[in-house]
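Written out below as structure tokens is the structure these notes cover.
The values are calculated or read from the model by the stated rules, or taken from the named source; none is laboratory data. It should be emphasised that the depicted structure is a prediction, and the values quoted were computed from it without experimental measurement. Heads up, the Cβs are rebuilt from the backbone with ideal geometry, glycines too, and the neighbour counts pull from every protein chain shown.
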Amino acid sequence: MRVGVVGLRQGLHLGVWAARLGFKVVAVCDHDPALHGTAQQQLPDATVTDRWQDLLDADLDGVVLANDFDAHAPLAIAFLERGIHVLSETAACADVEQGRRLIAAADASSATYSFAENYVFHPQVRLIRQAVDAGELGRPQLIEADYLHGLSREQVDGLIGDPAHWRGRIAATAYCTHTVSPVLALTGGRPVEVTAFAVDADDPRAAVTIVVRLSTGALAITRHGFLQGEPDSHWSWLSVRGSHALAESLRAAGDSAWSVRVRREAWTRQDGAPHEEVRTPSALTRDGRPVDRGAEGTVLLLEGFRDTAERGEPPLVPVRAAVEASLVGVAGAESLRSGSRPVAMPDLSGS
């Protein structure tokens with residue numbers, strides 16, 4: 001499968017893994033020439049350019065879009081209109097109209113759109129999903145998810161205080177798909193209503209909490225941004241409380257963070273005794289070697305993208321789920337602007 005890559009920061013990570021998995025990475029792009037040399041070293045068979053439009057005519061089967069967070073949809077639409085399969089990393093759209101246009105382009109295209117939300121396929125999320133799918137937890141009622149960074153004030157200001165950086169342009173709620181997408185995948189629900197709160201009223205952009213009512217009736221509470229005290233500085237945590245049991249990833253450093261604690265109360269068991277266990281994910285191997293835990297989601301997404309393009313398998317995270325997760329951040333920003341009032345999600349059923 002011949003692919004191109006747009007955006008050579010996270011995109012280079014995706015491109016190198018694609019090459020390791022047998023993709024032919026034939027063209028890469030970034031508007032920053034300082035990134036070209038490293039890309040050429042790591043992907044020596046790829047043509048390097050600073051114009052993403054050059055990839056439209058590069059005879060590609062698919063493209064990996066890892067450009068700026070708030071600039072994905074126009075490129076995705078352009079490649080879909082050329083019949084090129086799209087794997088789009090981070091936010092699918094920046095507003096409702098953009099989301100509708102993306103859905104329409106994907107529906108009309110001979111190619112497919114896949115959302116590169118790797119957190120849906122992290123080891124601890126897959127373990128929790130197995131428990132949910134097996135009915136061990138009963139009906140999911142309360143889902144909590146964190147995506148937090150324990151950074152210094154200077155580091156935070158360097159990101160969200162710099163208008164030249166995409167994190168300085170986006171709303172505090174916008175970078176929410178690492179938590180919302182796993183919630184939607186685990187529950188099979190759609191976001192119905194969104195309410196957002198600044199964690200610190202004196203520092204409202206640093207961290208936010210988003211409360212999402214799901215179409216299943218369950219409630220999701222997600223936390224994003226820069227808060228101190230987690231075991232690692234780059235932190236992801238997930239908890240599902242069901243009507244019969246709890247499953248949550250461990251708040252622990254290193255490899256332990258990929259494991260999951262499952263607890264069933266005494267009244268749910270025939271022996272009348274509570275039961276608690278820690279489940280550790282089995283290793284994901286490729287070419288006889290274990291994949292680094294943090295890269296497992298990326299590997300599975302890339303393999304799923306290839307299966308979609310070459311074998312007609314459905315996208316692992318399709319366009320509507322991508323747009324809905326991204327629009328939670330848009331609705332959250334509207335909620336913040338209006339004093340944290342609840343905001344109804346748009347109806348995308350006709351899109």
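Confirm whether residue 190 is out of contact with any strand residue (DSSP E or B) (no Cβ under 9 Å at 6 or more places or on another chain), over 17 Å from residue 124 (Cα atoms) and charged (D, E, K, R). Criteria not met by residue 190. Taken over segment 133-188, the criterion of being touching a helix residue (DSSP H, G or I) at 6+ places or on another chain (Cβ under 6 Å) and acidic (Asp, Glu) is satisfied by 162 alone. Looking across segment 299-351 at every residue that is assigned to a loop (DSSP other than H, G, I, E, B) and acidic (Asp, Glu), the one that is nearest to the chain's Cα centre (by Cα) is identified as 313.
Summed over segment 275-284, residues that are closer than 14 Å to residue 245 by Cβ, surrounded by 13 or more Cβ atoms within 10 Å (Cβ to Cβ) and free of Cβ contacts under 8 Å to residues at least 40 places away in the same chain total 1. Where strands (runs of 3 or more DSSP E) sit wholly within segment 6-86, those with at least 1 residues that are surrounded by fewer than 16 Cβ atoms within 10 Å (Cβ to Cβ) occupy 24-29, 47-49. Residue 306 meets each of the listed conditions (1) surrounded by fewer than 16 Cβ atoms within 10 Å (Cβ to Cβ); (2) modelled with pLDDT of 95 or more; (3) of a type in the set (Lys, Arg) apart from (1). Among the residues here, residue 322 qualifies as closer than 18 Å to residue 11 by Cβ and not basic (Lys, Arg). Of the conditions (1) touching a Phe, Trp or Tyr at 6+ places or on another chain (Cβ under 7 Å); (2) among the polar types (S, T, N, Q); (3) assigned to a helix (DSSP H, G or I), residue 98 clears all except one; give me its number. If we test residue 98 against (1) touching a Phe, Trp or Tyr at 6+ places or on another chain (Cβ under 7 Å); (2) among the polar types (S, T, N, Q); (3) assigned to a helix (DSSP H, G or I), just (1) comes out false. Of the strands (runs of 3 or more DSSP E) lying entirely inside segment 219-296, those containing at least 2 residues that are in the same structural domain as residue 136 (by TED's automatic domain parsing), touching a Ser or Thr at 6+ places or on another chain (Cβ under 6 Å) and not charged (D, E, K, R) span 234-242. Residue check: residue 230 meets all listed conditions (1) under 24 Å from residue 131 (Cβ atoms); (2) without any contact (Cβ under 8 Å) to a residue 60 or more places away in the chain but one, namely (2).
Residue-by-condition table, conditions (1) aliphatic (A, V, I, L, M); (2) touching a residue at least 60 places away in the same chain (Cβ under 8 Å); (3) closer than 21 Å to residue 232 by Cβ; (4) buried (at least 21 other Cβ atoms within 10 Å of the Cβ):
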| residue | (1), (2), (3), (4) |
| --- | --- |
| 156 | yes, yes, yes, no |
| 165 | no, no, no, no |
| 169 | no, yes, no, no |
| 174 | yes, yes, no, yes |
| 177 | no, yes, yes, yes |
| 184 | yes, yes, no, yes |
| 190 | no, yes, no, no |
| 195 | no, yes, no, no |
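Per the listing 143, 170, the residue uniquely at pLDDT 95 or above and at negative phi is 143. Screening 323, 328, 343 for residues that are touching a residue at least 24 places away in the same chain (Cβ under 8 Å), crowded, with 22+ Cβ neighbours inside 10 Å and in contact with a strand residue (DSSP E or B) (Cβ under 7 Å, 6 or more places away or on another chain) leaves exactly one candidate, 328.
Only one entry in 128, 143 is within 30 Å of residue 243 (Cβ to Cβ), touching a Pro at 6+ places or on another chain (Cβ under 9 Å), aliphatic (A, V, I, L, M) and outside any helix (DSSP H, G or I), namely 143. If you filter segment 223-269 down to residues that are over 19 Å from residue 139 (Cα atoms) and polar (S, T, N, Q), you find that the one that is modelled with the highest pLDDT is 259. Among residues of segment 173-184 being assigned to a loop (DSSP other than H, G, I, E, B) and of a type outside the set (A, V, I, L, M, F, W, C), the one that is modelled with the highest pLDDT is 173. Kindly indicate which of 194, 199, 211 is touching a helix residue (DSSP H, G or I) at 6+ places or on another chain (Cβ under 7 Å), in the same structural domain as residue 156 (by TED's automatic domain parsing) and either closer than 19 Å to residue 167 by Cα or of a type outside the set (Phe, Trp, Tyr) (or both). Matching residue, one of 194, 199, 211: 194. With respect to residue 94, is the statement that it is touching a Ser or Thr at 6+ places or on another chain (Cβ under 9 Å), among the hydrophobic types (A, V, I, L, M, F, W, C) and surrounded by fewer than 23 Cβ atoms within 10 Å (Cβ to Cβ) true? Against the criterion (touching a Ser or Thr at 6+ places or on another chain (Cβ under 9 Å), among the hydrophobic types (A, V, I, L, M, F, W, C) and surrounded by fewer than 23 Cβ atoms within 10 Å (Cβ to Cβ)), residue 94 qualifies.
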